[in-house]
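A.B. asks: Sending over a structure as structure tokens; questions will come in a sec.
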Amino acid sequence: MSKKSTYNILMYSHDTYGLGHIRRTMAIASRLRNPQTNILILTGSPIVGRFSFPEQIDFVRIPGMIKKTNEEYVSLSIKIDPKHALNIRQNIITATAKAFQPDLFIVDKEPLGLKKEVLPILQWLRQSLPETRTILGLRDIMDDAETVRKDWIKKGVYEALDNLYSEVWIYGIREFYDPIQEYAIPESVQNKIYFTGYIPRKVPDKKAILQVRKEHGLKKGEKLVVVTTGGGGDGYFLMDTFLSMLEKESGPPPFKSVLITGPFMPRKKRAEIFTRSRRLGVRTYRFYRWMEKIQAAADLVVSMGGYNTVCEILSPGTISLIIPRETPRKEQLIRARILYDQKLADYIPGQSCSPRIMREKIFALLEHPETYQKAISRFKLTGIDIMRQRLRTFRNEK
């Protein structure tokens, strides 16, 4: 056991655009915390302050950056040269890590950070705090195999996995999708890899679910369809198609709807969605703080199938329809196909989605959800259990 009374975990979440990284990081942090564990999150998320932070968890906000092209990033809020913004981020990351002296450093998704900004601290930890465990946490699917292999070769990721990381945690199931094979991970790294399974979310109790349904005016037996686009930056198509479907109905549909556009949907498009929703009597939110509750209260969730949304939907056992994005990454499309094969979700390829096809799918799922409900009821989200096992191992070895 460490001589220190507490165990310090530092988590890095680069967060250029969207909600996925910070939501995943928050979910992990909230479930790993305990009275003997301090967790500090480094994040560039512009909305991190909207989340409630329990005791033993805090965050350090680094200047936000947004991707302009695959290689070019610009400052999200302050008007500053991108190189200067990246320097500020790197300096904050490095200074925080050196002051915090972490026992465990978990890096989310980007092995070297945004534009290699965590590389200096990974190197420093290896040299100055060799007992610190360094973990790379990867979602189940990054992108198609060819794209990931090229990107990792170009950035020197394979070398970093070999030399700078103690372990790699993959938040997925190898039998569903095998990144070791798909991404050509070398044998020298393979023995560091742990498949945790999907990361569960807190499931609200029946009283909280009934309260949410009551707040949204649902009567006994009435169905609720929730439509969410995550961060919403590229979610307009999904919202537009859903509202077009409702606008074509000859009368009120046999379900109520709640739309959550996400905080990053462009302002004009979001205003249009809100206007159309009001005409239809549909409640719409820009940001919904208690996603676990609204998705647990739903009879069906329509989404784009991002990793975190999928975990939030599967945790309470809600059935879902996925309309995945296909550019600039194929990650959501690959995941949607896998979940469909496992009968954990239904999906419509984005390019073939229309109001008519969406209507057929939604009505069929609401009328006959049994196949999906049965598969979901057997599905176990083991991510936190496996991570806790690894932490116990680390602490016992100190």
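The values are calculated or read from the model by the stated rules, or taken from the named source; none is laboratory data. Note that this is a predicted model, so its numbers are computed, not measured. Every residue, glycine as well, gets a Cβ built from its backbone with ideal geometry; the counts of neighbours run over all protein chains shown. These area figures cover heavy atoms from the full protein model, side chains too; ligands, DNA and RNA do not enter into them. Shrake-Rupley method; radii C 1.70, N 1.55, O 1.52, S 1.80 Å.
A.B. asks: Please verify whether the stretch 375-390 includes one or more residues that are touching a residue at least 60 places away in the same chain (Cβ under 8 Å), in contact with a strand residue (DSSP E or B) (Cβ under 9 Å, 6 or more places away or on another chain) and among the basic types (Lys, Arg).
C.D. replies: Scanning the stretch 375-390 turns up at least one residue that is touching a residue at least 60 places away in the same chain (Cβ under 8 Å), in contact with a strand residue (DSSP E or B) (Cβ under 9 Å, 6 or more places away or on another chain) and among the basic types (Lys, Arg).
A.B. asks: One residue is enough: does the stretch 291-305 have a residue meeting the conditions more than 19 Å from Lys361 (Cβ to Cβ) and of a type in the set (Ser, Thr, Tyr)? Walk me through it before giving the result.
C.D. replies: Looking only at the stretch 291-305, we keep the residues that are more than 19 Å from Lys361 (Cβ to Cβ), and these are 291-294, 296-297.
Add one more test, that the residue is of a type in the set (Ser, Thr, Tyr), and what stays is none.
No, the stretch 291-305 contains no residue that is more than 19 Å from Lys361 (Cβ to Cβ) and of a type in the set (Ser, Thr, Tyr).
A.B. asks: Does Val189 qualify as being within 17 Å of the chain's Cα centre (by Cα), among the hydrophobic types (A, V, I, L, M, F, W, C) and closer than 30 Å to Lys380 by Cβ? Spell out how you get there, then give the answer.
C.D. replies: Values: within 17 Å of the chain's Cα centre (by Cα): no; among the hydrophobic types (A, V, I, L, M, F, W, C): yes; closer than 30 Å to Lys380 by Cβ: yes.
In short, no.
A.B. asks: I want to confirm something. Restricting to the stretch 322-354 and keeping residues that are out of contact with any strand residue (DSSP E or B) (no Cβ under 7 Å at 6 or more places or on another chain) and among the small types (Gly, Ala, Ser), which single residue is nearest to Ala145 (Cα to Cα)?
C.D. replies: The extreme case among them is Gly350.
A.B. asks: Further question on the same structure: What tally of residues in the stretch 281-300 results from selecting those that are within 25 Å of Gly49 (Cβ to Cβ) and part of a strand (DSSP E or B)?
C.D. replies: Adding up the residues that qualify gives 3.
A.B. asks: I've got another one for you. Quick one: in the stretch 118-128, which of the residues that are touching a helix residue (DSSP H, G or I) at 6+ places or on another chain (Cβ under 9 Å) and free of Cβ contacts under 8 Å to residues at least 40 places away in the same chain is farthest from Val168 (Cα to Cα)?
C.D. replies: Looking at the filtered set, the residue picked out is Ser128.
A.B. asks: In the stretch 219-234, how many are in contact (Cβ under 8 Å) with a residue 40 or more places away in the chain, open to solvent by 20 Å² or more (accessible area, probe 1.4 Å) and either part of a loop (DSSP other than H, G, I, E, B) or among the aromatic types (Phe, Trp, Tyr) (or both)?
C.D. replies: Number satisfying all stated conditions: 2.
A.B. asks: Out of all the residues in the stretch 23-56, which are at pLDDT below 85, among the hydrophobic types (A, V, I, L, M, F, W, C) and in contact with a strand residue (DSSP E or B) (Cβ under 8 Å, 6 or more places away or on another chain)?
C.D. replies: Val48, Phe53
A.B. asks: Follow-up. Please specify each residue of the stretch 217-234 satisfying the condition of being within 26 Å of the chain's Cα centre (by Cα) and of a type outside the set (Asp, Glu). Reasoning before the result, please.
C.D. replies: The initial filter retains those residues of the stretch 217-234 that are within 26 Å of the chain's Cα centre (by Cα), namely 224-234.
Passing the criteria: Leu224, Val225, Val226, Val227, Thr228, Thr229, Gly230, Gly231, Gly232, Gly233.
A.B. asks: Which helices (runs of 4 or more DSSP H) sit wholly inside the stretch 301-398 and have at least 1 residues that are open to solvent by 60 Å² or more (accessible area, probe 1.4 Å) and of a type in the set (Ser, Thr, Tyr)? Outline the logic, then answer.
C.D. replies: On the way: elements: 307-314, 331-341, 355-367, 370-378, 383-397.
Passing ranges, in order: 331-341, 370-378.
A.B. asks: Does Tyr194 count as assigned to a loop (DSSP other than H, G, I, E, B), among the hydroxyl-bearing types (Ser, Thr, Tyr) and either buried (at least 18 other Cβ atoms within 10 Å of the Cβ) or in contact (Cβ under 8 Å) with a residue 40 or more places away in the chain (or both)?
C.D. replies: Values: assigned to a loop (DSSP other than H, G, I, E, B): no; among the hydroxyl-bearing types (Ser, Thr, Tyr): yes; either buried (at least 18 other Cβ atoms within 10 Å of the Cβ) or in contact (Cβ under 8 Å) with a residue 40 or more places away in the chain (or both): yes.
Taking the combined requirement at face value, the residue does not satisfy it.
A.B. asks: Hey, among the residues in the stretch 197-208 that are surrounded by fewer than 18 Cβ atoms within 10 Å (Cβ to Cβ) and in contact with a helix residue (DSSP H, G or I) (Cβ under 8 Å, 6 or more places away or on another chain), which one's farthest from Asp299 (Cα to Cα)? Show your work before the answer.
C.D. replies: The initial filter retains those residues of the stretch 197-208 that are surrounded by fewer than 18 Cβ atoms within 10 Å (Cβ to Cβ), namely 202-203, 205-208.
This time we only want the ones that are in contact with a helix residue (DSSP H, G or I) (Cβ under 8 Å, 6 or more places away or on another chain), so: 202-203, 208.
Numbers: Lys202: 18, Val203: 15, Ala208: 15 Å.
So, considering only residues that are surrounded by fewer than 18 Cβ atoms within 10 Å (Cβ to Cβ) and in contact with a helix residue (DSSP H, G or I) (Cβ under 8 Å, 6 or more places away or on another chain), the one farthest from Asp299 (Cα to Cα) is Lys202.
A.B. asks: Further question on the same structure: Would you please name the residue that is most open to solvent (accessible area, probe 1.4 Å), looking only at residues in the stretch 238-280 that are touching a strand residue (DSSP E or B) at 6+ places or on another chain (Cβ under 9 Å) and assigned to a loop (DSSP other than H, G, I, E, B)?
C.D. replies: Among them, the one singled out is Pro254.
A.B. asks: Which of the residues spanning the stretch 165-191 are surrounded by 17 or more Cβ atoms within 10 Å (Cβ to Cβ) and of a type in the set (Asp, Glu)?
C.D. replies: The answer is Glu167, Glu182.
A.B. asks: Can you tell me how many residues within the stretch 235-251 are under 14 Å from Glu360 (Cα atoms) and within 31 Å of the chain's Cα centre (by Cα)?
C.D. replies: Of the residues in the stretch 235-251, 5 are under 14 Å from Glu360 (Cα atoms) and within 31 Å of the chain's Cα centre (by Cα).
A.B. asks: In the list Asp234, Asp240, Asp299, which residue meets the criterion of being over 30 Å from Tyr171 (Cβ atoms) and of a type in the set (Asp, Glu)? Can you show your working first?
C.D. replies: Working: Asp234 fails: over 30 Å from Tyr171 (Cβ atoms); Asp299 fails: over 30 Å from Tyr171 (Cβ atoms).
Every option except Asp240 fails the conditions.
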